[in-house]
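Contents: one structure, followed by commentary.
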Amino acid sequence: MICKWKSLSRRGLIGVVLMASCGVAEAQTVVIHAGTLIATPGSPAKTNQSIVIENGRITSIQDGFIPGDQIIDLSKSYVLPGLIDMHTHVTGMERIDETAPTQWVTNLFLQRQSITVLKAIPVVRQILLQGFTTIRNVGDPASVTYDLRDAIASGKIDGPRMLVSEPQFTLPGGALSNDMFHLTHDAVALVGNRGACTGVEDCRRAVREEVQRGADVIKIRLADTAALDPRIQTIESQDEVNAIVETAHQLGRTVAVHSAGVDRETMLAVNAGADTIEHGPQSDAVLQAMQRKGLSFTPTLDTVRYFAPILKRLGITRDYYGEARASVGNAKRIGVRIVYGTDLMPLYADRESLEFSALVDAGLTPSEALMAATVNAAAALHMEKDIGSIAPGKTADIIAVDQDPTRDIQAMEKVSFVMKAGKVVAP
């Protein structure tokens with residue numbers, strides 16, 4: 001810190017004034033020397049580039065290695081934009097046995113919120129250290145992630161930038177209904193879902209109130225019951241889904257929609273103009289409708305792969321992973337924008353980067369998989385002016401790996417450098 005003294009002359013009198021500059025830090029120029037810069041995945045890389053950063057933003061990119069107040073030497077690394085995970089649950093399951101309804105209810109509804117937050121703090125840091133500087137967290141029954149998001153944003157704890165919806169919007173008789181937990185009448189009041197609504201006006205009310213509480217995004221969970229009981233056509237009505245989506249959009253929020261892969265359910269959300277469809281498999285008919293309407297697809301393949309053996313042990317013989325993999329290839333062929341999402345929970349928080357290899361196994365090129373976690377995800381969030389690529393004026397979210405990920409996508413599993421908004425957080 002530098003304190004400056006200035007002498008000022010006025011009407012023949014000499015006054016010495018202490019300038020109060022001691023409390024103001026002068027802006028430092030940080031320069032990253034990037035050996036190979038993949039500034040915009042999907043576009044050609046450049047070698048020997050200097051990324052100039054001031055006050056957490058990129059001011060310029062210049063050829064060659066130029067001087068600066070602080071030099072970060074990544075001259076032997078592959079430098080990319082910070083990654084974006086479009087589907088996380090940082091307060092979700094910690095153990096497989098939590099798939100049992102009573103255990104799930106106990107941990108997420110009855111456990112003290114302070115315990116839930118303390119458990120989530122190392123999870124969000126682990127996500128950040130794997131190179132994910134932005135996440136969209138779409139479901140938190142414990143209702144702590146608005147405060148967690150704000151604590152990260154204010155610098156109190158380390159973690160990725162968070163876009164959050166605590167409740168999932170549902171209709172009675174559908175997903176997350178109280179009767180699915182097999183609770184006594186007295187216990188039902190303890191597990192209320194703020195996103196539960198019925199009828200057009202009630203659903204509009206619920207969205208408005210949740211945005212007022214702090215929602216950055218609205219998450220609809222279409223009923224899984226339609227996938228389990230072929231007699232059920234849909235739980236939700238088109239008018240109700242329309243009301244949720246329209247109200248969210250009026251309030252400047254995007255809409256993510258959980259889908260169990262039942263066409264008649266998923267088409268309610270597509271017809272309503274939601275922004276992203278979460279999970280697979282999805283049929284060609286749904287994918288074609290998504291392409292026409294401009295919706296993005298978040299396949300969450302690695303989670304489907306992770307749970308496949310568990311579903312088999314439960315007697316579910318359908319090859320969900322095989323069908324979901326095929327959906328990714330079909331989405332690419334049809335022209336649907338594919339975005340990166342893991343469905344991350346504390347149970348497998350160390351698997352953040354494995355979705356890359358799953359996407360490539362499903363038919364994307366390594367560059368297309370990188371696009372899913374950067375430019376595509378930023379566009380789906382309507383945040384492409386700020387994140388998703390390395391360019392002047394954008395936030396300095398920058399990562400590095402030691403090998404070329406456009407040749408071997410597994411290079412993304414070993415991130416060696418992470419900067420979020422101009423602050424180095426790893427190593």
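Read the figures in this text as sums done on the coordinates, not as results from a lab. Being a predicted model, the structure only gives us computed values, none of them experimental. FYI the Cβ positions are ideal-geometry reconstructions off the backbone, even for glycines, and counts take in every protein chain you see.
Tabulated data for the structure shown
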| read-out | value |
| --- | --- |
| Gaussian network model of the chain, Cα within-10 Å springs - most flexible of G68, G329, G273 | G68 |
| Dipole magnitude of the chain, debye to nearest 20 (Cβ charges: Lys/Arg +1, Asp/Glu -1, about Cα centre) | 1260 |
| Region 204-270-region 378-427 distance, computed between alpha-carbon centres (Å) | 31 |
| Gaussian network model of the chain, Cα within-10 Å springs - most flexible of N55, N137, N376 | N55 |
| Percent antiparallel among DSSP beta bridges (both partners in the chain, rounded to 5) | 50 |
| Pairs beyond 26 Å (Cα-Cα), from K46/K414; K76/K420; K119/K394; K312/K414; K219/K423 | K119/K394; K312/K414; K219/K423 |
| Helix-derived mean residue ellipticity, 222 nm - over the chain, DSSP H n ≥ 4, -39500 (n - 2.57), to 500 | -9000 deg cm²/dmol |
| Extreme residue, positive dipole direction of region 83-389, given options F169, T342, T184 (C-beta unit charges) | T342 |
| Y340, Y306, Y78 arranged by Cβ crowding within 10 Å, fewest neighbours leading | Y306, Y78, Y340 |
| Charge context of V117, other residues only, Cβ under 15 angstrom, K/R +1, D/E -1 | -1 |
| Among T300, T134, T59: highest mean-square fluctuation, GNM of the chain, C-alpha pairs under 10 Å | T59 |
| Cubic angstrom per residue, convex hull over Cα atoms of region 83-389 | 127 |
